[in-house]
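Structure first, then comments.
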Amino acid sequence: MCAMKVSDLVRIQVTPSGDRAYDVVLGEGALDELPALAVGRTRVMVVHPRALRATAAVVLAGLRGDGGVEAHAFEVPDGEEAKQLRVAGACWDALGRVGFTRDDLVVGLGGGTTTDLAGFVAAGWLRGVDVIQIPTTVLGMVDAAVGGKTGIDIAAGKNLVGAFHQPLAVLCDLSTLASLPAVEVRAGLAEVVKTGFIADPRILELLEADPTGSARLPELVERSIRVKAEVVSGDPRESGRREILNYGHTLAHAIEKVENFSWRHGAAVSVGMVFAAELSRLVAGLDRATADRHRELLRAIGLPVEYRGDRWPVLLDAMRVDKKTRGRRLRFVVLEELGRPRGFDDPEPGLLLAAYGSVAAGGVSAGEN
Ligand code: GLY
């Protein structure tokens, strides 16, 4: 991974082994890079949610003007509703109607759900066409849009059907964050905090000084992307080190499932990290101060650090069918110390329960499932 600064845009190169390298372009005006990247294509399909109609109109105009391409729009539902097989199917039908060929380009403009879907559509069409991702949320910029994971949800769970499909470029235009509701910014900051604990403690210091993140958002986003770019460059298909990006995610995915996906991913990751920190203390020797630092920082940001004490049995069941589970073994990412994550298989049930005690509102009880 290397990086260079051109004008006020930051370029972070991702070099996935066995795949072509690409840039994550970050800064105000990154969107303006799109037309030049599309020159030479015949057709571009911009996949976007309803909420981003106005931004999509600007993008389409730029593609038709400076890009000189035939630009089409495909509108998807807002949020998780976009990541459905029927939505992917409708998008493929739209590509078929306009005669989309292997040389054409898909653009994913929106939050993580839109870029996940757009990437999946591009991965499937003619067995793979190019996609450029334009994430418009903090979560999308620091996580979902970088690294080539694409997918949709099915009844059995989130992201269970998907493909690794690296983008041609990722354009993170910070001006698109200006209208993002504070609750969405906080949800994205959960992944930023994760990056701080697993790899870049300076992120934690910046957020401790200003838990809203607002004053230093560009630096926080850039630092997080640098970590993600470095990790996915070395392990693009998650056969090893990439799993550290799942810190806090085993419990988080279970909470999301038990809550029928009504919780924001970042909120669930917040609770999941407090749990993972306590598990790390119990099984990997993490010091108490660093474990406590998780709860203090996440609470200061305004993210949840507790979940229902009576839900442990259903959470345990949900964790057993998570993607990270191998055979019958539960798999977690734990910290040995700040910035030193590793995988951990199958903690003793008593230790898991004890770790859950650190997030269980009202104490753990067998409760109703
Ligand atoms: N969101 C975790 C990863 O991209 O591997």
Practice task
Could you tell me whether any residue of the range 114-131 is over 21 Å from ARG43 (Cα atoms) and either within 13 Å of the ligand (Cβ to nearest atom) or at pLDDT 95 or above (or both)?
Solution key: no
Fill in the blank from the handout: Among the residues of the range 141-172, the number that are more than 22 Å from GLU184 (Cα to Cα), at pLDDT 95 or above, in a strand (DSSP E or B) and more than 12 Å from the ligand (Cβ to nearest atom) is 3
Practice task
For PRO304, indicate whether it is closer than 24 Å to ALA178 by Cβ, away from the ligand (no atom under 14 Å from the Cβ), open to solvent by 10 Å² or more (accessible area, probe 1.4 Å) and in contact (Cβ under 8 Å) with a residue 12 or more places away in the chain.
Solution key: no
Handout entry: Residue in the range 163-170 that is surrounded by fewer than 23 Cβ atoms within 10 Å (Cβ to Cβ) and closer than 25 Å to SER262 by Cα present
Key = yes
Handout entry: Among the candidates LEU279, LEU286, LEU245, residue that is crowded, with 20+ Cβ neighbours inside 10 Å and under 24 Å from GLY112 (Cα atoms)
Key = LEU245
Exercise for the section: Would you confirm whether any residue within the range 119-134 is in contact with a Leu (Cβ under 8 Å, 6 or more places away or on another chain), buried (at least 22 other Cβ atoms within 10 Å of the Cβ) and of a type in the set (Gly, Ala, Ser)? Expected result: no
Fill in the blank from the handout: Among (1) more than 26 Å from ASP292 (Cβ to Cβ); (2) within 16 Å of the ligand (Cβ to nearest atom), LEU180 falls short only on (2)
Completion exercise
Being open to solvent by less than 50 Å² (accessible area, probe 1.4 Å), part of a helix (DSSP H, G or I), under 21 Å from ILE12 (Cα atoms) and away from the ligand (no atom under 12 Å from the Cβ) narrows VAL221, VAL227, VAL231 down to just VAL221
Fill in the blank from the handout: Conditions (1) within 12 Å of the ligand (Cβ to nearest atom); (2) modelled with pLDDT under 95; (3) among the hydrophobic types (A, V, I, L, M, F, W, C) -> ALA254 fails only (1)
Practice task
Please tell me if GLY272 is open to solvent by 10 Å² or more (accessible area, probe 1.4 Å) and either among the aromatic types (Phe, Trp, Tyr) or within 16 Å of the ligand (Cβ to nearest atom) (or both).
Solution key: no
Completion exercise
If you go through ARG216, ARG202, ARG186, ARG242, the only one that is among the basic types (Lys, Arg) and either under 13 Å from the mean Cα position of the chain (by Cα) or within 16 Å of the ligand (Cβ to nearest atom) (or both) is ARG242
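The values are calculated or read from the model by the stated rules, or taken from the named source; none is laboratory data. None of the values given here were measured: they were computed from a predicted structure. We place every Cβ from the backbone using ideal geometry, glycine too, and count neighbours over all the protein chains shown. Quick note on the areas: whole protein, heavy atoms, side chains included, nothing else; ligands and nucleic acids left out. Shrake-Rupley method; radii C 1.70, N 1.55, O 1.52, S 1.80 Å.
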